[in-house]
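Read the structure below first, then the notes.
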Amino acid sequence: MTLLNKWRSSFIVMVILMTAAVGLTQTQAADVEWETRFNHSLGISFQLPKGYELEPSSSLIYTNGQSTIVFHALPNRSIHRIELDAACQGVSINSPGYDYEIVNGGKHAICLYTNRRNRESYTSIIAENRRRTSGGGRYDYLLVIAPSDDLLPLTESIIFEDSVSAVAYLDEALRTIHANFVYPDAVDWNTVYQTAMASVDQFSTLDDARQALKIVFGILNKVSAHPAQIFSPDDLNARGGYGFEEHQLAGDNFQTVTLVYPNSPADKQGIEVGDHIETINGIRAVDAPEPDGSKTIRLEVTRPGKFGTLNFRLVPNYYSTSLPVNGRRLTDQISYIETYSAGASGENLTYPNDAQQLIRKLDKSNTCGWIVDVRRNPGGQALVMSMALAPLRGNGRWFGLKNITGSVQWYDYQGNGFPSITKNSFVVSRPYTVQNSAPPVAVLTSPYTASMGEMTAYIFKSRTDAPTRIFGEATGGYLSDGLNIIRLFDGSVMDIVSALGIAPDGTPLPKNIQPDEVVLTDYSLYGTDDDPVIKAADAWLMSQPQCQSQQSPQNLTQNQPGIQTGQEIRLVATSAGIVNIRSGPGTDYDIVLKLANGTRLEVIDRSADGTWLNVRFEGGEGWISASLTRTANSSTN
């Protein structure tokens, strides 16, 4: 009796929730042609009237534009030990207004429930054993809601599968892509579909099906900003590697280390951010193929400010790529926050709570400005990453994501989360608001800022109640669309470009974020007080009214940039690879010459505020923004 009551209570909740949804379905014509389908999330094959496809962003709801068919997977181990008649009767007794009957469903146990008032119905079908969804959840039975004429034939056709053919696997994966891909008119989908399906047959393997999907994504990626792809279980499990990120910066003939993951092989061997990788396995680093993370590699490294070459041997191993939010107080008035990727694989769901508590710790009554650093942030889960910086951004509409149907999911932050999206199911447990509301924010970006990292920059840049300025370089170019993660039956994962970024006024978001002030990152100084991007951001913040009102004349002098007269400096590039030399200290003055990145100059004077330098070069002299320079010995070619 106890087991039955437990089953009743969980089932009754679903009965109540589903009653309204049942009313949305309509009777389907009896002569519609049916076809065999496969559901990756549930691992079931079944018969479905032609014309039904998955709704965007859903793995359990099918629609033909007029009617819907819905599956709900529910856990309850006890139902495998309960007689079917007792289970059906229990639900009937505890669900007033519904009658039940047991249906001969062949291999599986089916209950049909009918509302005595309006005769609307739905079914339950019990699996023989506990099953796992593609997302890792457990379920024991399904509730099925469908048009009345289709309900029983559909439910009776359900087979709980332990394997799937390459043909069915690929067919349903392609249908899922088509239901979600947000640029449907940019490709000839019929040709894409037919070509992919022609590449597999009854003898093909799932590897063959995944290879066909890789080719499809290659076609779609020519249209979208994000590079969508498929990862096999082997790809996902092969998470070992070396533990560092490296990039070739403009004008350099080496790779610069931009990030080292804690407790990774690189970290344990002593590789540091800012190191210059000269060779990989004896090949010039800029020409060497990217290591696959499975074999030992040898690196020759030089370190700015140090003489000689360092040699490293890295044996691949497992490490975590989850990094906590980092922050500190730069000065008595300015606080600094750096965010990384979070939530992309369902991890880091404590990230927004941790971030807001760090902001609480750094916020003081005299904090007049904030630096948000996303230079090493490649993106992640929208909800998780957005909520992290809410104390600085404040309430309101931040952005939207529009799917293939034109429906927009608006990110309207209120208090502790996005209630219109999560219905308060995912919120910050201890929300915080900064003491000085609407503070000026300087956002630091780089070419490696991507996706939700770019969105972080955008949500501050779009503020109308406070100043924001972007420092660094143009971002990666993934802001205009977004990915949806789809999990397949065998554990593979597809990234599908399923949303367009939308501004609060309803207009499309740009492809990337352009900086207001171009400053290249010197990774040998990354995150330090001498980091040129941080220094430029700090100087701007200290010039804002909120900070100026707290400064004495002595403080104003101390906050000017510290490049000295007579010092040799080196130009850094704009996105075009050249820097303007002007006739005076400001953008209002004429451009007298354009110099290439890497040109060495001598400082002969500076503007009163220290933001412009009068420099001498071979053949003349002129003025240049201090933010476009770095000291000559901070990096080498």
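The values are calculated or read from the model by the stated rules, or taken from the named source; none is laboratory data. Since the model is a prediction, treat every value here as computed from it, not as a measurement. Heads up, the Cβs are rebuilt from the backbone with ideal geometry, glycines too, and the neighbour counts pull from every protein chain shown. Surface accessibility is based on the protein's heavy atoms, side chains included, excluding ligands, DNA and RNA. Shrake-Rupley method; radii C 1.70, N 1.55, O 1.52, S 1.80 Å.
Quick notes
- For GluC sites (Glu not before Pro), no site in the stretch 300-403 is both called loop by DSSP and has at most 12 other Cβ atoms within 10 Å.
- Cβ-defined net charge surrounding E618, 11 Å radius [Lys, Arg +1; Asp, Glu -1]: 0
- Debye, to nearest 20: dipole size of the stretch 301-439, +1 on Lys, Arg Cβ, -1 on Asp, Glu Cβ: 280 debye
- Length added when fully stretched, F203-D99, from 0.36 nm per residue minus Cα-Cα: 32.8 nm
- Partners of K402 within straight-line reach, counting lysines whose Cα lies under 18 Å from its Cα and excluding those fewer than 8 residues away in the same chain: K511.
- When Y478, Y336, Y458 are compared by accessible area at a 1.4 angstrom probe, the order from most to least is Y478, Y458, Y336.
- In range of the label at V187: residues from the stretch 55-73 whose backbone nitrogen is under 20 Å from the point 7 Å along Cα→Cβ: 55-59
- Top positive-direction residue, dipole computed over the chain with Cβ charges, set P291, P75, V443: P75
- Distance between the stretch 254-282 and the stretch 456-524 - C-alpha centres, whole angstrom: 27 Å
- Contact order relative to length of the chain, as percent, for alpha carbon pairs under 8 angstrom and 6 or more apart: 10 percent
- With both labels modelled 7 Å from their Cα along Cα-to-Cβ, the Y318 to V223 distance reads 3.9 nm.
- Estimated from the Cβ-Cβ distance and a Förster radius of 25 angstrom, the FRET efficiency linking R298 and L236 is about 0.35.
- Cubic angstrom per residue, convex hull over Cα atoms of the chain: 192 Å³
- For the chain, the longest principal axis of the alpha carbon atoms and the long axis of helix 351-362 meet at an angle near 30°.
- Note on the chain: dipole from Cβ charges, positive end direction compared against A146, A250, I125; the farthest Cα belongs to I125.
- Prolate/oblate/rounded call for the stretch 51-174, Cα gyration tensor, a/c under 1.5 rounded: oblate
- Taking the accessible area of the chain, probe 1.4 Å, and keeping the other protein chains in place, the carbon and sulfur fraction comes to 48%.
- Cα long-axis angle, helix 148-157 against the chain (0 to 90 degrees, to the nearest 10): 80 degrees
- Solvent exposure of the stretch 435-484 as accessible area per residue, Å², 1.4 Å probe: 28 Å²
- Extending 7 Å from the Cα toward the beta-carbon at both D354 and E33 defines two label points whose distance is 5.4 nm.
- Here r is the Cβ-Cβ distance between N115 and R328 and R0 is 45 Å; the resulting FRET efficiency, rounded to 0.05, is 0.15.
- For the pair S583 and S429, the difference between a 0.36 nm per residue extended length and the Cα-Cα distance amounts to 49.9 nm.
- Amide H within-cut-off set for T68, under 5 Å, with H built and near neighbours excluded: Q26
- Each of N263 and H247 was given a label point 7 Å from its Cα along the Cα-to-Cβ line. The distance between the two points is 2.7 nm.
- Angle in degrees between helix 2-22 and the longest Cα principal axis of the chain, rounded to the nearest 10: 80 degrees
- Prolate/oblate/rounded call for the stretch 264-308, Cα gyration tensor, a/c under 1.5 rounded: oblate
- The overall shape of the stretch 291-403 is oblate: from the C-alpha gyration tensor, with semi-axes ordered a ≥ b ≥ c, the ratio a/c is 1.5 or greater and a/b is no larger than b/c.
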